[in-house]
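Q: Here's a structure for you.
The values are calculated or read from the model by the stated rules, or taken from the named source; none is laboratory data. Since the model is a prediction, treat every value here as computed from it, not as a measurement. Positions of Cβ are backbone-derived with ideal geometry, glycine not excepted, and every protein chain shown enters the neighbour counts.
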Amino acid sequence: MAAARDLKATETAGSGDAVELAKRHLVQPWPFAGSVGAEARALIGEGDGIYITDGTGKKLIDGPAGMWCVNIGHRREELARVMYDQAMALSYNTPWYTMNAPSAELAMRIAGYAPGDLSHVFFTTGGSSAVETALRFMQFYNNVRGRAEKKLILSRGGAYHGSTYLSASLNGRPRDRDWMDGADDLVVKLSSPDPFRRPRGMSISAFTDVLVDEFRDTVGRVGADRIGAFVGEPVQASGGVIVPPDGYLKRIRQICRDNDILYVSDEVVTAFGRLGHVFASGDMFGIDPDMITFAKGVTSGYFPLGGVIISERLLEQLRRSNHPDAMFGHGLTYTSHPVGCAVALKNLDILEESVLAHTREVAPYFQAQLKALEELPLVGEVRGLGLMACVECVADRESNDPLQLDKDVGKRIDAHCHELGLLVRPLINMCVMSPPLIITREQIDDMVSILREGISRTVDDLRKEGVWQG
């Protein structure tokens, strides 16, 4: 044991080689069995504004904004100072029987932006735990109301809602669940609201009707008395930035309301400025959910924090129930963390001062410049909203074949873009872009120019290898 400790101390103090240390000791998220525990990924050393610097010193545009989250950009001294000041004042308090002032103030400010009667906030550590909390609250709510059978959850193809057991059970992306277990007995899957994949010749209006009819028919077939919640992202982010047809979410919301099914709007990605508003549910889509989950942009990635906003109506029904001693037995060690909440308050100040308005101003330009990439032969569609977009590559525009011959086309494009000065988010045959919200028009031009060249080089590679002749 002593020898092992000495070896570890030597590696830590003397190696300095993060890549080698990662291969020896670090288990990366979402690994493949053939490389699990023996893998190193692209090393990022620094960040500044919309840029990051990799382990070789190359400066890159941070196309994904970390993971949809570095909304106000890297190296904001204001946030770093708040983090330090709060840690020096109060670094932690147990949420089981004490509270802190930043969490109370943040809950009030967040509630002020939420639609409808969403007025109370439960803070978590991130998006997965936020969705998990919403689902556990639904279960508790129905138990207290004597409806123990009303627990099924409706989700959709293309969805991503987290990595905890229950939240991951809702996921509907390709390959997410191939080798993983889930609470399949609790989840009913519906179709993805992806207009690009609608049947050939079908209008958007007809496609919307099909989706709504499927939802209504599922409620009728399964039974509203057995369905506790519907969980849906306003825009399916990791599923490929799927923007639903106009009016679809409002119609789904009404069916939920008519059948006493809790509507949970998963805004882990779309909240805190990504679409130009603090929350997109009401301001962009005209819906008032029963709960909204959030994370990522609430602190711009500077500190792990998430949460659930809960309808006053639901809480009032619990307070008036015949079981006042029923306990919502759910909480996290870092619920309402004072440092995270203090950072979120300052982050919200910065968003309010200029970033939200700037996002709404540059978003149409961002979308238009990316849309021009559709002229490239490999690109089937560019879609998006606000400062999030997806470039979907296809082998055949007639059939929209998603490049079955090369499922790593997104990684190919990312590799070329990395060499040229841009980090993208590759998703099989797609490239997702969601840069920091402070990006300028000139920087958008740089980003799109590099992405265009990266796609063009990938076309050349595929043709030379005989993989694709489009």
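Q: Filter the range 330-364 for residues that are more than 20 Å from the chain's Cα centre (by Cα) and aliphatic (A, V, I, L, M) and give the result.
A: L332, V339, A342, L345, I350, A357, V362
Q: Please go through (1) under 14 Å from P64 (Cα atoms); (2) more than 26 Å from the chain's Cα centre (by Cα) for E398 and return the number of the only condition it doesn't satisfy.
A: With respect to (1) under 14 Å from P64 (Cα atoms); (2) more than 26 Å from the chain's Cα centre (by Cα), E398 is out only on (1).
Q: Mind checking whether some residue in the range 420-434 is touching a residue at least 60 places away in the same chain (Cβ under 8 Å), over 18 Å from L376 (Cβ atoms) and over 20 Å from the mean Cα position of the chain (by Cα)?
A: Within the range 420-434 (the criterion being touching a residue at least 60 places away in the same chain (Cβ under 8 Å), over 18 Å from L376 (Cβ atoms) and over 20 Å from the mean Cα position of the chain (by Cα)), the answer is yes, since at least one residue qualifies.
Q: Right, another one. Do you know which residues across the range 365-383 are surrounded by fewer than 18 Cβ atoms within 10 Å (Cβ to Cβ), within 24 Å of the chain's Cα centre (by Cα) and either hydroxyl-bearing (S, T, Y) or within 18 Å of G470 (Cα to Cα) (or both)?
A: Answer for the range 365-383, where residues must be surrounded by fewer than 18 Cβ atoms within 10 Å (Cβ to Cβ), within 24 Å of the chain's Cα centre (by Cα) and either hydroxyl-bearing (S, T, Y) or within 18 Å of G470 (Cα to Cα) (or both): just Y365.
Q: Would you mind listing the strands (runs of 3 or more DSSP E) fully within the range 34-111 where at least 1 residues are among the polar types (S, T, N, Q) and without any contact (Cβ under 8 Å) to a residue 40 or more places away in the chain? Spell out how you get there, then give the answer.
A: On the way: elements: 44-48, 51-54, 59-62.
The strands (runs of 3 or more DSSP E) meeting that bar are 51-54.
Q: Still on this structure: If you check S129 against the conditions, is it in contact with a Ser or Thr (Cβ under 9 Å, 6 or more places away or on another chain), in the same structural domain as I292 (by TED's automatic domain parsing) and crowded, with 19+ Cβ neighbours inside 10 Å?
A: Working: in contact with a Ser or Thr (Cβ under 9 Å, 6 or more places away or on another chain): yes; in the same structural domain as I292 (by TED's automatic domain parsing): yes; crowded, with 19+ Cβ neighbours inside 10 Å: yes.
Yes; evaluated as a whole, the condition is true for this residue.
Q: Specify the residue that is farthest from the chain's Cα centre (by Cα); the eligible residues are those in the range 167-217 that are surrounded by 17 or more Cβ atoms within 10 Å (Cβ to Cβ), within 30 Å of R136 (Cα to Cα) and in contact (Cβ under 8 Å) with a residue 60 or more places away in the chain.
A: This residue is F215.
Q: Another question, if that's okay. So, in the range 395-426, exactly how many residues are aliphatic (A, V, I, L, M), surrounded by 21 or more Cβ atoms within 10 Å (Cβ to Cβ) and either under 25 Å from Q469 (Cβ atoms) or at pLDDT below 95 (or both)?
A: Of the residues in the range 395-426, 5 are aliphatic (A, V, I, L, M), surrounded by 21 or more Cβ atoms within 10 Å (Cβ to Cβ) and either under 25 Å from Q469 (Cβ atoms) or at pLDDT below 95 (or both).
Q: Under 7 Å between Cβ atoms, which residue pairs at least 6 apart in sequence (or on different chains) link something in the range 312-327 that is free of Cβ contacts under 8 Å to residues at least 24 places away in the same chain with a partner that is in a helix (DSSP H, G or I) and surrounded by 13 or more Cβ atoms within 10 Å (Cβ to Cβ)?
A: Close Cβ pairs satisfying both conditions: none exist.
Q: Assigned to a helix (DSSP H, G or I) and more than 21 Å from F123 (Cα to Cα): does that describe L356? First the steps, then the outcome.
A: Numbers: assigned to a helix (DSSP H, G or I): yes; more than 21 Å from F123 (Cα to Cα): yes.
It is true that L356 is assigned to a helix (DSSP H, G or I) and more than 21 Å from F123 (Cα to Cα).
Q: Any chance you could count how many residues in the range 449-468 are among the aliphatic types (A, V, I, L, M) and either touching a strand residue (DSSP E or B) at 6+ places or on another chain (Cβ under 9 Å) or part of a strand (DSSP E or B) (or both)? Walk me through it before giving the result.
A: In the first step, residues of the range 449-468 are kept if they are among the aliphatic types (A, V, I, L, M); the result is 450-451, 455, 459, 462, 467.
Imposing the further condition that a residue be either touching a strand residue (DSSP E or B) at 6+ places or on another chain (Cβ under 9 Å) or part of a strand (DSSP E or B) (or both) reduces the set to 450-451, 455.
Selection size over the range 449-468: 3.
Q: Name every residue in the range 392-418 that is outside any loop (DSSP other than H, G, I, E, B) and either free of Cβ contacts under 8 Å to residues at least 24 places away in the same chain or aliphatic (A, V, I, L, M) (or both), in order of residue number.
A: First pass over the range 392-418, keeping only residues outside any loop (DSSP other than H, G, I, E, B): 392-393, 396, 401, 409-418.
Within the range 392-418, D401, V409, G410, K411, I413, A415 qualify.
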